[in-house]
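Below is one structure; the comments refer to it alone.
Computed from the coordinates by the stated procedures, all read-outs in this text should not be read as laboratory data. All figures in this text were calculated on a predicted structure; none of them were measured in a lab.
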Amino acid sequence: MNSNTGQTILALLTGAVIGAGIGILFAPYKGSETREKIGKGARNAQKNIKKKVNDASSVLGEKAKIAKENFEERLNETLYAASSKADEVLLAMEEKLEELRKKNSNWQQRKTEKETPSEVK
């Protein structure tokens, strides 16, 4: 529950208690009628509190769901970007490896060509 909802519930409870106390002190009714009115007021306050708690719970649940969806979306975007970068790095490495193989092959051929004439002599 956020701070405003907690403060609202606390204010509601405080108001109910104060109202009940004042009602008892200044009640123009018999004791049984006063108790009945207090009980009715308490039940109404309980219903209001339950409604506010349920509303707050629904709001929090919806916000949590939205936050989860946003997180999953951002995570997927990040993973896709990382995967794309990894593919680019692998492609660049493969190109460099092929380039090195060609250079090595050329070097091996030149080395063999240099060694062959000297062995013939």
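Quick notes on this one:
- Anchor LYS85: aspartates and glutamates whose Cα lies under 19 Å away (excluding residues fewer than 8 positions away in-chain): GLU73, GLU77, GLU94, GLU95
- Ratio Rg/Rh, restricted to the chain and using Cα atoms, in which Rh is the Kirkwood radius: 1.79
- ³J(HN,Hα) computed for each position of region 53-59 - Karplus, 6.51 cos²θ - 1.76 cosθ + 1.60, integer Hz, glycine/proline x: 5, 5, 4, 5, 5, 5, 4
- Here the 3J(HN,Hα) profile of region 8-17, calculated from phi with Karplus coefficients 6.51, -1.76 and 1.60 at θ = phi - 60°, is 5, 5, 4, 5, 5, 4, 4, x, 5, 5 Hz, Gly and Pro shown as x.
- A straight Cα-to-Cα reach below 23 Å connects LYS52 with the lysines LYS37, LYS40, LYS63, LYS65, residues fewer than 8 places away in its own chain not being considered.
- In the chain, the calculated helix contribution to ellipticity at 222 nm averages -35000 deg cm²/dmol per residue, counting -39,500 (n - 2.57) for every DSSP H run with n ≥ 4.
- Derived scalar couplings between HN and Hα for region 91-105 equal 4, 4, 5, 5, 5, 5, 4, 5, 4, 5, 4, 5, 4, 5, 4 Hz in order, rounded to whole Hz, by the Karplus curve 6.51 cos²θ - 1.76 cosθ + 1.60 (θ = phi - 60°), x for Gly and Pro.
- For region 38-58 versus region 65-121, the gap between their alpha-carbon centres in whole angstrom: 66 Å
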